[in-house]
Amino acid sequence: MLNFNRNRAQPRAGRALSLGGMDYLDSKRKSNFVGKIILAAVLTALCILIIKQSPSLSSPSPFSRHEPGVTHVLVTGGAGFIGSHAALRLLKDSHRITIVDNLSRGNLGAIKVLREQFPETGRLQFIYADLGDAKAVNKIFAENAFDAVMHFAAVAYVGESTLDPLRMDWTFRKYYHNITSNTLVVLEAMAAHDVKTLIYSSTCATYGEPEKMPITEETPQAPINPYGKAKKMAEDIILDFSRNSDMAVMILRYFNVIGSDPEGRLGEAPRTELREHGRISGACFDAALGVIPGLKVKGTDYKTADGTCIRDYIDVTDLVDAHVKALGKAKPGKVGIYNVGTGKGRSVREFVDACKKATGVEIKVEYLSRRPGDYAEVYSDPSKIRRELNWTAQHTDLKESLQTAWRWQNSHRNGYGSPLAMDS
């Protein structure tokens, strides 16, 4: 055909053959084109039919509608240590759960475990989002029918919050924005979308260093570190919101959390860069595993029996139970504030001894000067929560709680990576 176009001296027969070839090819192309249109139409019709017959696509998501007898709980920070344990308990209690987490402190591995345990449709969904993004938070509330919010999301290390007093911009971003401002964002979304129940995860750090022990809910709040101050500000905002609404509010101020899921499904897996600011149990386990050369105890000159700080250690299983009982007792227009602790103080030296027994490792201990922002003695009076919510701590043996956590740590030395065989 190219020769024909370029060479007009070709015989007519040649031209006829060429033209005949063009006619044939054009017909073939037209036929193929029509066939493709018909095939596309058939496939489109088939897709439409499949979509219409698909329950997941033809009907709204179960998370987007209220269902009688089913409580849909938004768990902020649900990929974190405490939040994931709370989500596990709520799922076991047949609640519908949406977890929102930006994974800055949480772990996607915990979400994977929860999904494996509860794979049924409409039980659990995970949304990756930052609570500081008001637009994203509002969209989440608009697309989901929440009945209640359990607000765990926060940065929660006293030592980290006082790391560098000269860098207040860092402290504001990490603590006041993350805790206080983000709580305001959640409250505004709750108000805009008529979500009436809030269970707020607070802390004994809001009390600071009281003159009298044990701490009751009437003990004056005078926090001495940015973490405690940010939490108190968030509490104040919540209380102001509740005064002008019929919101049901439960504020739980809990003490030092230890332990892990007794069945070994979940545990605590802090990021490497945060280990030095984390809980003392994590440091004890790291020392027992040889991740760090030994344990550093900060402060031996406090006015206590053995010179080390005294804390009220609450097992995470008991803590989660308190949240569940608070959810069950929450009433419109009412505010409940409760200390969640054992009512018994244990010194850091006692804790280290219990950790040595739980792990079976003679951990090397180095005693150092005090850490900024710490206080000498803090333990709770849990009589109010016992009286009003019928809650009492059940796991009060330090060694047993630490053994439970140690089993998970020892078999998950890579955190939520591949589990390892337990050492003999």
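The values are calculated or read from the model by the stated rules, or taken from the named source; none is laboratory data. Computed from a prediction, not measured in an experiment: that's the story for all the values here. Reconstructed Cβ throughout: ideal geometry from the backbone, glycine too, with neighbour counts over all protein chains shown.
List of remarks:
- For the stretch 104-122, the set of residues classified as closer than 19 Å to HIS412 by Cβ, of a type outside the set (Lys, Arg) and in contact with a strand residue (DSSP E or B) (Cβ under 7 Å, 6 or more places away or on another chain) consists of ILE111, LEU114, listed by residue number.
- Pairs where the first residue, in the stretch 106-118, is more than 11 Å from GLY417 (Cα to Cα) and the second is β-branched (Val, Ile, Thr) and at pLDDT 95 or above, C-beta under 9 Å, 6+ apart: GLY106/ILE99; ILE111/ILE99; LEU114/ILE97; LEU114/ILE99; PHE118/ILE97
- Of the residues making up the stretch 313-367, those that are in contact (Cβ under 8 Å) with a residue 60 or more places away in the chain, in contact with a Leu (Cβ under 8 Å, 6 or more places away or on another chain) and acidic (Asp, Glu) number 1.
- Residue in the stretch 311-320 that is of a type in the set (Phe, Trp, Tyr) and modelled with pLDDT of 95 or more present: yes
Residues checked against (1) touching a residue at least 24 places away in the same chain (Cβ under 8 Å); (2) under 30 Å from SER401 (Cα atoms); (3) of a type in the set (D, E, K, R):
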site	(1), (2), (3)
ALA222	no, no, no
PRO226	yes, yes, no
GLU235	yes, yes, yes
LEU239	yes, no, no
ARG243	no, no, yes
MET247	yes, no, no
ARG253	yes, yes, yes
ASN256	yes, yes, no
ASP261	yes, yes, yes
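- When TYR157 is tested against the conditions (1) at pLDDT 95 or above; (2) under 22 Å from ALA86 (Cα atoms); (3) in contact with a His (Cβ under 8 Å, 6 or more places away or on another chain), the lone failure is (1).
- On the stretch given as the stretch 90-129, residues that are charged (D, E, K, R) and at pLDDT below 95 total 1.
- Residue match in the stretch 276-285 (condition: assigned by TED's automatic domain parsing to the domain that holds SER369 and at pLDDT 95 or above): no
- Selected residue (only one of VAL70, VAL75, VAL113, VAL100 is at negative phi, among the β-branched types (Val, Ile, Thr) and in contact with a Gly (Cβ under 6 Å, 6 or more places away or on another chain)): VAL75
- Residue count, the stretch 212-230 (criterion: surrounded by 18 or more Cβ atoms within 10 Å (Cβ to Cβ) and at pLDDT below 95): 7
- Sole residue being loosely packed, with under 14 Cβ neighbours inside 10 Å and under 21 Å from VAL316 (Cα atoms), chosen from LYS329, LYS357: LYS357
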